[in-house]
Amino acid sequence: MVDMFRGLMTKNFLSISIEGMSLKLLAGQRAKVSAWVIIPFNPRFLKGGFIANQQGLANVIKTALSKDEFNGRRRVFASLPAFHSTSRILEVPDLRQVRPEVVIPQQAKRDMGYSAENSLLFWEWLNRSGGRQRFFVASVPKEPVITLIETLKLAGLRPDRIDTTVFALSRAVNERQAIIVALEANSIDTIIIIDSIPVSTRSSFLGEGVQNIDSLPTLVTDALENIITFHNESNPANPLPPDIPIYLLGSGVLLNPNIVSAVENTLGRSVAEFKPPILYPEGLPKAELAVSIGLVLKEL
């Protein structure tokens, strides 16, 4: 496990994620969760997995924030679905005069087809080696980000930071090697982490309607088999070890109790218990709130 307690947050926090057809809030102070809520909302507030009705969703957020446990001044962290995004690990010279905020967009334009007109860049520093710095870089559509910010403003909030679900989920499991599946009513994310880096990621919108519950085990096992096969074929000298932990996260995995056994029987790999490196009260639905937890962990 990676040591996430190198430092502690000094301010109250509020993390907000819109996943599937639910609003998820997580509040606390420093490295401790004090309150949470998961609120279903009208599916028509979304289109293609992104916000379509800003005022409607803002009203849902304001109603949730009216509860006493969410009152007070807090740093606000929000997540954005990774649909239609592209990601890559980029390297830049490890020199004092090299500014990542300048070099990364230039390199993303060349290597990822990034366009500042239509997209926004999110990046996270990974490590340095051999005179180079490595960053995990994601290019996401600009319009959904702007819509999210405007929705939060309508709810009386100003986001201090926005991350994609891939960043947040990768951070939440706190493992150097792991496979993640995050399933919601209308989406599925699959991520492979090697050396604490999300080296392979896929985020798919499943459609406007709720998925057939009976089909969920097959949906999850197919997604896992596809990303594992892709990774192993792309890295024949370093295939995934058989004991790499698999984490099943998100509200969708609770809809069908056969998902865990389907994954273990089909893939011959074990599903690990999700134990996020944060203090939380008994009863916290950890797997459902993995994205919200991952948003907070960046501050540790």
Open item on the list: Just to be sure I understand, how many residues within segment 231-242 are loosely packed, with under 14 Cβ neighbours inside 10 Å, in contact with a strand residue (DSSP E or B) (Cβ under 9 Å, 6 or more places away or on another chain) and not hydroxyl-bearing (Ser, Thr, Tyr)?
Closed with: 2
Open item on the list: Residues that are crowded, with 20+ Cβ neighbours inside 10 Å, touching a Phe, Trp or Tyr at 6+ places or on another chain (Cβ under 6 Å) and within 13 Å of Leu14 (Cα to Cα): does segment 29-44 have at least one?
Closed with: yes
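Conditions (1) buried (at least 24 other Cβ atoms within 10 Å of the Cβ); (2) touching a Ser or Thr at 6+ places or on another chain (Cβ under 9 Å); (3) in contact (Cβ under 8 Å) with a residue 60 or more places away in the chain, marked per residue:
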{"residue": "Ile146", "(1), (2), (3)": "no, no, no"}
{"residue": "Ala155", "(1), (2), (3)": "no, no, yes"}
{"residue": "Val166", "(1), (2), (3)": "yes, yes, yes"}
{"residue": "Ala172", "(1), (2), (3)": "yes, yes, yes"}
{"residue": "Glu175", "(1), (2), (3)": "no, yes, yes"}
{"residue": "Ile179", "(1), (2), (3)": "yes, yes, yes"}
{"residue": "Leu183", "(1), (2), (3)": "yes, yes, yes"}
{"residue": "Asn186", "(1), (2), (3)": "no, no, yes"}
{"residue": "Ser200", "(1), (2), (3)": "no, yes, no"}
Task: Residue selected from segment 120-139 under the condition of a type in the set (A, V, I, L, M) and touching an Asp or Glu at 6+ places or on another chain (Cβ under 9 Å), by the criterion modelled with the lowest pLDDT - done: Leu126
- [ ] Would you mention how many residues in segment 276-288 are closer than 16 Å to Ser251 by Cα, without any contact (Cβ under 8 Å) to a residue 60 or more places away in the chain and either surrounded by fewer than 17 Cβ atoms within 10 Å (Cβ to Cβ) or touching an Asp or Glu at 6+ places or on another chain (Cβ under 6 Å) (or both)?
- [x] 1
TODO: Consider Val92 carefully, then state whether it is surrounded by fewer than 19 Cβ atoms within 10 Å (Cβ to Cβ), free of Cβ contacts under 8 Å to residues at least 24 places away in the same chain and within 22 Å of Asp163 (Cβ to Cβ).
DONE: no
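Condition first: buried (at least 16 other Cβ atoms within 10 Å of the Cβ) and outside any helix (DSSP H, G or I). Now tell me which residues in segment 256-271 satisfy that.
Keep residues of segment 256-271 that are buried (at least 16 other Cβ atoms within 10 Å of the Cβ), which gives 256, 259-260, 262-263, 267, 269, 271.
Residues satisfying the conditions are Asn256, Arg269, Val271.
The values are calculated or read from the model by the stated rules, or taken from the named source; none is laboratory data. Bear in mind the structure is a predicted one, so any value in this text is a computation, not a measurement. FYI the Cβ positions are ideal-geometry reconstructions off the backbone, even for glycines, and counts take in every protein chain you see.
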